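Nothing in this text is a laboratory measurement; each read-out follows from the coordinates by a stated rule. On a predicted model such as this, the values are computed, not experimentally measured, just so you know. Note: ideal-geometry Cβ built from the backbone for every residue, glycine included; neighbour counts use all protein chains shown.
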Amino acid sequence: MQHHNPGAFPEGFLWGASTSAYQIEGAWNADGKGPSVIDHARFSDNVTDFTVCSDHYHRFKEDIALLAEMGLKTYRFSIAWSRLYPDGDGELNPAGVAFYQQLIDEICRHGIEPLVTLYHFDLPWALQQTGGWSNRRTVAAFERFAVTCFEHYGKQVKYWLTINEQNMMILKGEVIGTLAEGTEDVQRSLYQQNHHMMLAQARAMIACHQRLPDAKIGPAPNISCVYAASSRPEDVLAADNFSAIRNWLYLDLAVHGRYNAVVWAFLQQRGWLPEIEAGDMETIAAGKPDFIAFNYYASATVSADLPDAARGELNSKQKADQQMAGIDSTVYVGCNNPHLPQNQFGWYIDPVGFRITAREIYARYALPLIVTENGLGAFDTLEAGNKVHDDYRIAYLRDHLRQLRLAIADGVALFGYCPWSAIDLVSTHQGISKRYGFIYVNRDEHDLKDLARYRKKSFFWYQQLIASNGATLDDAVSY
Ligand code: BGP
């Protein structure tokens, strides 16, 4: 649909940016913090130094001042569970509580709205050793951790996110490290973990509403539209299959409190159904989100099964997507999309898909939406005068925001946009060289240099955009 004018961003729109604890803080074992699953995985793969990350733990005041200078209305960050509870579920660590209190004080002092992710991939290692999310005990441990956060920070924090990208943890569980090594029945175990996370999320949402009646809480999955490679009905069905497995399973449970029928049948036929105890579905149904947060980077394109020769060569990202959760080719087959450019890492760049995704989510669930991740990972170069000319990032963000503005014009209730990432941090898979931030952090993979902060060109662009509430989106970039 074309609109007569491009529309505008609503008054009070939450212009923000995002980070996560394990990618930005460093200080992985400082002041009583326990190790997390990420600490273990990253130390063994040795791609980058994960002990210091962007050293935000020691430089958060400088970082928050820079984010305030950029004009952020909200800042999304996560609380490291094992900083508060070093072994996940035992003694509370006062130094961990104090760190986040200081961080939140600093954010609020600058007039920025804190947006807190309770859990962003970094399950305490001690819980992992007793089965992690495969063990129901972790559900109660998460609820306890969430309640601790509500009690300590609830006076200042109005917006909460439960679990970051639960769908990616299930679909790519082996990569993110939620399963114990040597797990035999991988898929069944992952969907059991999913059920436990759903329960944990519901219990956290219920606890939040009981304790903080003015707060708002929601899930934060990675959602993207799925295209059929052609108008062949079988291809359209394959896209519907993948969308149900990738997207709607998670949001149908979070919002409607029920398993998606197509996914349930898929799990049943493969013997992967989770064990559901009495009362579980009632709990899941009782946990109601106030909004939906979603992360969007790229769309996916699929077809029904085809002979290898007809599929063409898949790029690396499509190959990885095809392996998601061991889904076989009777369900869908990942395809290339000849209509879309790719970034340096093989991810499709699809701003129109962003608009489609926002519309689909809103049409299905009719809850307010906020984008909690979207951005471009790239190999930035620090040039003379400590400048970073990241015009490619500006172009990516501008094109996506134009489509978001159209989604708002289409009627989608969207109240904020938090691109990834506020400042440079260590990528989940590719080290610090794959940068996303508005602020450059001067370090390499293993050479930590001076960790100085430099404002990139995109910093000034975003600053101007926020100051105008998005009105400068179509202006030429002139600095
Ligand atoms: C999301 C995660 C983030 C971040 C981002 C970019 O899945 O929530 O933590 O890492 O992806 O991914 P990557 O760092 O692999 O480029």
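Considering amide H positions built from the backbone, and no H for Pro or chain starts, which residues 5 or more places from Ala452, or on another chain, come under 5 Å of its amide H?
Amide H neighbours of Ala452: Asn442.
Starting from the Cα of Lys449, draw a straight line to each of the aspartates and glutamates and keep only those under 15 Å, dropping any in the same chain fewer than 8 residues away.
Asp49, Asp55, Asp424
Once you've got the Cα coordinates, tell me which of Lys73/Lys434; Lys73/Lys158; Lys216/Lys288 are over 18 Å apart.
Pairs exceeding 18 Å: Lys73/Lys434.
Over the chain, what is the relative contact order in percent, taking alpha-carbon pairs closer than 8 angstrom and at least six residues apart?
About 17 percent, as a whole number.
Quick check on the chain: of the DSSP beta bridges with both residues there, what percent are antiparallel, nearest 5%?
Around 25 percent of the beta bridges assigned by DSSP in the chain are antiparallel ones.
Does anything in the range 438-458 have its amide N under 16 Å from the 7 Å Cα→Cβ label point of Val477, and if so which residues?
438-440, 455-458
Rg(Cα) of the range 14-467 divided by 2.2 N^0.38 Å?
0.93
Mind jotting down the three principal axis lengths of the range 89-230 based on Cα atoms? Whole angstrom, largest first.
Result, largest extent first: 48, 46, 25 Å.
Restricting the count to DSSP beta bridges whose residues both fall in the range 310-469, what percent are antiparallel, rounded to a multiple of 5?
Taking every DSSP beta bridge with both residues in the range 310-469, the antiparallel ones total about 70 percent.
From the backbone phi of the range 410-420, what are the Karplus-calculated ³J(HN,Hα) couplings (6.51 cos²θ - 1.76 cosθ + 1.60, θ = phi - 60°) in whole Hz, Gly and Pro given as x?
Whole-Hz 3J(HN,Hα) from phi for the range 410-420: 6, x, 6, 7, 10, 10, x, 9, 10, x, 9.
DSSP loop trypsin sites (Lys or Arg not before Pro) in the range 166-208 with at most 15 other Cβ atoms within 10 Å of their Cβ, which ones?
Hits after loop and neighbour filter: nothing returned.
Could you work out [θ]222 nm for the chain from helices alone, using -39500 (n - 2.57) per DSSP H run of at least four and dividing by all its residues? Round to the nearest 500 deg cm²/dmol.
It comes out at -12000 deg cm²/dmol, rounded to the nearest 500.
Just want the ordering: Trp272, Trp15, from fewest to most Cβ atoms lying within 10 Å of their own Cβ.
Starting with the residue having the fewest Cβ neighbours, the order is Trp272, Trp15.
Any idea which of Cys53, Gly111, His389 is furthest toward the positive side of the dipole for the chain, if Lys and Arg beta-carbons carry +1 and Asp and Glu beta-carbons -1?
It is Gly111.
When the Cα atoms of the range 342-426 are enclosed in a convex hull and the volume is divided per residue, what value in Å³ results?
109
Treating the beta-carbon of each Lys and Arg as +1 and of each Asp and Glu as -1, no other charges, what is the dipole magnitude of the range 14-467 about its Cα centre, to the nearest 20 debye?
1180
Would you mind working out the magnitude of the charge dipole of the range 156-243 relative to its Cα centre, with +1 at each Lys and Arg C-beta and -1 at each Asp and Glu C-beta, to the nearest 20 Debye?
Once rounded to the nearest 20, the dipole reads 540 debye.
Rounded to whole Hz and in sequence order, give me ³J(HN,Hα) for the range 101-110 from the Karplus expression 6.51 cos²θ - 1.76 cosθ + 1.60, θ = phi - 60°, writing x for Gly and Pro.
5, 5, 4, 5, 4, 5, 4, 5, 4, 8
Sort Tyr362, Tyr227 so the one with the fewest other Cβ atoms within 10 Å of its own Cβ comes first.
Ascending Cβ contact count within 10 Å gives the list Tyr362, Tyr227.
How do Arg355, Arg109 rank when sorted from fewest to most other Cβ atoms within 10 Å of their own Cβ?
With the fewest neighbours first, Arg355, Arg109 line up as Arg109, Arg355.
Computed over the Cα atoms of the range 17-153, what is the ratio Rg over Rh, Rh following Kirkwood?
Computed over Cα atoms, the ratio is 0.97.
Could you compute the net charge surrounding Asn469? Neighbours are other residues with a C-beta less than 13 Å from the C-beta of Asn469; K and R count +1, D and E count -1.
Net charge in that neighbourhood comes out at +1.
With a sphere of radius 10 Å drawn around the Cβ of Arg203, what net charge do the other residues whose Cβ falls strictly inside it have (Lys, Arg +1; Asp, Glu -1)?
0
Roughly what would the spin-label model give for Gln430 and Lys288, points 7 Å off Cα along C-beta, in nm?
4.2
Which net charge results for the neighbourhood of His56, defined as the other residues with beta-carbon distances under 11 angstrom from its beta-carbon, given Lys and Arg at +1 and Asp and Glu at -1?
Counting the neighbours of His56, the net charge comes to -2.
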